[in-house]
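Data first, discussion second: the structure below is written as structure tokens.
Just so you know, all these numbers are worked out from the coordinates, no wet-lab data involved. Not measured: the values here are computed from a predicted model. Virtual Cβ from ideal backbone geometry, glycine too; neighbours counted across all protein chains shown.
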Amino acid sequence: MSLVKAERRRFFKRRMTVWMLVIGLAILGAIGAGFVATHSKHTPEAVAAGEAKAKAAYAKEVREFEDKWKKECEATSKDPAACQGPPAEYFTAEHYMKPEFDFKLFYGEILIIWAAIMAMIAFVLGATYIGAEWSSGAMMNLLTWRPKRISVLGTKLGVLLGSMAAIGTATLLLWTGMLWGIAKVAGHTNGMTGSAWGSFGLAGLRGVAMIMAFAALGFGLASLGRHTALALGVAIGVVIVGQIGLSIVLAMADVPFFERYLIPVHMDAWLKKSVELEGGGYTCGPSGCIPEAVSELTYKTSGLIGLAVVVAVTALAFWSIKRRDVA
Amino acid sequence: MTSSVLEIKGLKKTYRSRGGPRRALDGFDMHVEAGQVHGFLGPNGSGKTTTLRTLLGLIKSDGGEMRILGSELPEALPKVVSQVGAIVESPQFFANFTARDTLSLLADAGDLPQSRVDWAFELVGLRDRANERVKTYSLGMKQRLAVASALLKQPRLLILDEPANGLDPGGIREMREMMATLSAGGMTVVLSSHILSEIQVICDQVTIISLGRRVAYGPVSEVLAAHSTGQVKVVLESAVDLGLAASVLMNAGLAATVNGDHLLVSGVDKPASISRALAAQQLYVAELTPQHADLESVFLELTGTAPVPGQHRSVDDSVRVESGQ
Ligand SMILES: Nc1ncnc2c1ncn2[C@@H]1O[C@H](COP(=O)(O)OP(=O)(O)OP(=O)(O)O)[C@@H](O)[C@H]1O
Ligand SMILES: [Mg+2]
């Protein structure tokens, strides 16, 4: 227990932890501010103002048509009767108002913003937490106090996961609270039944689990390489070669449903329970375009893949600390 | 019979790294008794740090036995580790924490009362700088912090790998006095160092290692006596007679060589025989001093690492003793 206490103190004493959290909260706050700036409540006054704007715009367009285009149209067109001004129904009040922030509609769609930002932070925190210990020699020093290596690494991982669960839950509550507030000022919270809250809660918990998984991944990689740089290197490599490069190559090779090889798609599927991938081109008709084939990616598949990767990396890290000399 | 605090028998370690296998310990033996200050000497790369790391369970040995306080290592290490304070080759700490945080976290990890932290800072002379970040410490201050971290446990066995590294003369003397105090209080100290004059002053016993094997051990005086050259320095009243005096002594069955303005005579039983032989030829002795070997020359001789003019010695060119010696 004494080691748990020491490690928890160490984790929250690190400036990296504090800074990453400040930066994360700042980004989430900035995104919230963006939502406020681009949405507004549809109060009767706002609707009236929108209608007035629509009417004015319609009048302006009609005037312009009468002045300029009508003559030209009648001169060149075979059927002068077809030369009509812009249709009035295009000028609805909605087009001249900021959209409403619909809490129920948006929450699930943008949960990934919070989850992805916090997952990135978790990865960096997990990697630096153990990486800095290894590269500074503090890990070696600690092992002369606590020779049971598996239990030392296990305690560190446990403290990291516990802390990230707490940080993840706290930021989830802040994020939800912020979106709720935004909906209250610039939209509405209609339709939030108990079951809607229930499913949002579960999605949030899946998000917290994802954040913890990324923390474990960064931790495992940095411990394997005994340096933060290894974890960050792997991450950059995966993003650039494995994701950007792969998606270009797969798209060029016309591989159907190539999105299933992309990490963000799996993250999205994990949070939303399922995503539909479209492939094989589109057939377009009067009612719009529909994909020729769809494939569903569920959170079960994505979750299993993620779990397998995390377990493999963590197991390797434990095996390596047990086997390798600390010198 | 004094009890053994540290016993090593036939310790073997081969590092397997990119440059091929490297045999760092090759049947090394060591024996440290309770209450001693024990010097652990050897040229660079001879295996001192490797020995200490193996003891502390940081690396796995390929054979041999180790015991600390009577417990078999590495199996019993978790049990005895609270009694062993150690620094291995200038330990590094997390640079962004203050010295106080560093030790306080270690105290937590080791289940020790926080009051020990101030006690340790006081002992190494860092009390007034304890709240500064380790990053801003000088080399010697980091070394003092390392020693403080080893003392924190108030261990029965204190292992210090080159603790004087980077210390100023005052610091070295303080370290020496601290070790004397600790040892008087019953602590056993194993001290690896390259400052042999220091070792000669503070250590009760020494173990000398060369290329992974023990080449000499025992009380400092015994090691010196066993390897002292028995030479006598002879200064004459007039230096012009040196050549003549040398041949006189040779005739008397003594090996004498001219060395600058004096003679060095070896194989002397009684120094009086020198003055008698010379006086018989009207050569008068102005000064007759037995040459005591110091630890440095014994070390250089035993490990074969004395510098030879015009030659550059490589780190691994030291004496290898045959096993089973
Ligand atoms: N991690 C390692 N991998 C490979 N070889 C190593 C490693 N650590 C030490 N060695 C080798 O083992 C031998 C003994 O090294 P060690 O560090 O024990 O020497 P030392 O006696 O402490 O020397 P110094 O006085 O320079 O500190 C050296 O030849 C060294 O190159
Ligand atoms: Mg060394």
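Listing for the model above:
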item	result
Histogram of C-alpha separations across the stretch A:44-96, 5 Å bin width, %	4, 21, 22, 17, 13, 10, 7, 4, 2, 0
Pair B:Glu122, B:Gln291: separation of 7 Å Cα→Cβ label points (nm)	5.0 nm
Karplus 3J(HN,Hα) series, Hz, for the stretch B:203-216 with 6.51 cos²θ - 1.76 cosθ + 1.60 (x for Gly, Pro)	8, 7, 9, 9, 10, 10, 10, 9, 6, x, 10, 6, 10, 6
Value of Rg to Rh for the stretch B:232-290 (Rh from inverse mean 1/r over Cα pairs, i.e. Kirkwood)	0.89
Rough spin-label spacing in nm, given labels placed 7 Å along Cα→Cβ, for B:Ser3 and B:Ser273	4.9 nm
Residues in the stretch B:150-164 reached by a label modelled at B:Ser90 [backbone nitrogen below 18 Å; 7 Å Cα→Cβ]	B:150, B:160-164
10 Å Cβ shell holding at most 15 others, DSSP loop, GluC sites (Glu not before Pro): longest site-free stretch of chain B	B:133-236
Fewest-first sequence of B:Leu123, A:Leu172 by Cβ atoms within 10 Å of each Cβ	B:Leu123, A:Leu172
Residue-count net charge about B:Asp261 - beta-carbon cut-off 15 Å; Lys, Arg +1, Asp, Glu -1	-2
Calculated FRET efficiency for the pair A:His188/A:Ala253, C-beta based, R₀ 56 Å, to 0.05	0.75
The protein assembly as shown, Rg to Rh (Cα coordinates; Rh as Kirkwood inverse mean 1/r)	1.24
18 Å Cα-Cα reach of A:Lys300 towards aspartates and glutamates, excluding residues that sit fewer than 8 places from it in its own chain	A:Glu259, A:Asp268, A:Glu276
Relative exposure of A:Trp270, A:Trp145, B:Trp119, judged by other C-beta atoms within 10 Å (fewest first)	B:Trp119, A:Trp145, A:Trp270
A:Trp197 versus A:Ala88: modelled label distance in nm, points set 7 Å from Cα along the beta carbon direction	4.6 nm
For chain B, alpha-carbon Rg and Dmax in angstrom	24.0, 78
Axial C-alpha extent at least 15 Å, average Kyte-Doolittle at least 0.0 - helices from chain A (DSSP)	A:15-38, A:103-136, A:149-186, A:194-225, A:299-323
Greater than 30 Å apart at Cα, pairs in A:Lys5/A:Lys272; B:Lys9/B:Lys270; A:Lys322/B:Lys153; A:Lys13/A:Lys322; B:Lys12/B:Lys142	A:Lys5/A:Lys272; B:Lys9/B:Lys270; B:Lys12/B:Lys142
Estimated FRET transfer efficiency when R0 is 56 angstrom, pair A:Glu51-A:Ile305 (beta carbons, to 0.05)	0.65
Number of partner chain Cβ atoms within 10 Å, mean per residue of B:115-127	0
For B:His194, A:His266, order by how many other beta-carbon atoms lie within 10 Å, fewest first	B:His194, A:His266
Other-chain or far-sequence residues with amide H under 5 Å of A:Gly187's (modelled H)	A:Lys41, A:Phe101
Residues in the stretch A:237-272 that a label on A:Glu292 would reach, taking backbone N under 13 Å of a point 7 Å out along Cα→Cβ	A:254-257
Charge-dipole axis of the stretch B:232-290 as Lys and Arg at +1 and Asp and Glu at -1 on Cβ define it, positive-most pick from B:Ser273, B:His262, B:Leu288	B:Ser273
Aspartates and glutamates with Cα under 16 Å of B:Lys60, excluding same-chain neighbours fewer than 8 positions away	A:Asp325, B:Asp26, B:Glu72, B:Glu75
Only Lys, Arg (+1) and Asp, Glu (-1) charged, at Cβ; the stretch B:35-203 dipole about Cα centre in debye	120 debye
Chain A shape via C-alpha gyration tensor axes, a/c threshold 1.5	prolate
Spatially proximal lysines relative to A:Lys41 (Cα-Cα < 22 Å; intrachain offsets below 8 disregarded)	A:Lys53, A:Lys55, A:Lys98, A:Lys104, A:Lys184
For the stretch A:263-327, with +1 on Lys and Arg beta carbons and -1 on Asp and Glu, the positive-most of A:Val309, A:Gly285, A:Ile263 along the dipole	A:Val309
